[in-house]
Amino acid sequence: MGGAVDDGGGGELDVFDAGRCGGGGYELGVAVGRRFGEAIRSRMSGDAVLRRRLLPFASTAPGRALVDALRDANRARYPRYWDEMVGTADGSGVPLLHVKCPFCPLSAPG
């Protein structure tokens, strides 16, 4: 599903052919997660805001309530995107909360 293309500067850019992913958003997300899992895991492990602020806040009662409300609203309004995010988490081996939190407008104290 991936390949390389010369970027004209002597380097190569990764190419991901999303058109070959059958099914819906979940299948696309799994393919993305598998293909870019190493980069996703690296990004999440190096994200100080995620580790020091967002995840601790999400583990509190107000944080869980907010994360749950955002999950329900996004799942209802953007079901294909939600399925893709779940698939990306599953395909990369990264917990869904870790994939989701950087995109949530959490007002984490601190």
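The values are calculated or read from the model by the stated rules, or taken from the named source; none is laboratory data. Owing to the predicted nature of the structure, the values given are computational and were not obtained by experimental measurement. Using ideal geometry, Cβ is built from the backbone for each residue, glycine included, and neighbour counts are taken over all protein chains shown.
Which one is modelled with the lowest pLDDT, of the residues in the range 5-51 that are surrounded by fewer than 14 Cβ atoms within 10 Å (Cβ to Cβ) and in contact with a helix residue (DSSP H, G or I) (Cβ under 7 Å, 6 or more places away or on another chain)?
A18
Looking at the structure I just gave you, is V94 touching a Phe, Trp or Tyr at 6+ places or on another chain (Cβ under 9 Å), of a type in the set (V, I, T), surrounded by 13 or more Cβ atoms within 10 Å (Cβ to Cβ) and closer than 23 Å to L28 by Cβ?
For V94, the condition - touching a Phe, Trp or Tyr at 6+ places or on another chain (Cβ under 9 Å), of a type in the set (V, I, T), surrounded by 13 or more Cβ atoms within 10 Å (Cβ to Cβ) and closer than 23 Å to L28 by Cβ - is not met.
Might you check whether a residue that is within 14 Å of the chain's Cα centre (by Cα) and surrounded by fewer than 19 Cβ atoms within 10 Å (Cβ to Cβ) occurs anywhere in the range 52-64?
no
How about the range 40-98: which helices (runs of 4 or more DSSP H) wholly inside it have at least 1 residues that are hydrophobic (A, V, I, L, M, F, W, C) and at positive phi?
none
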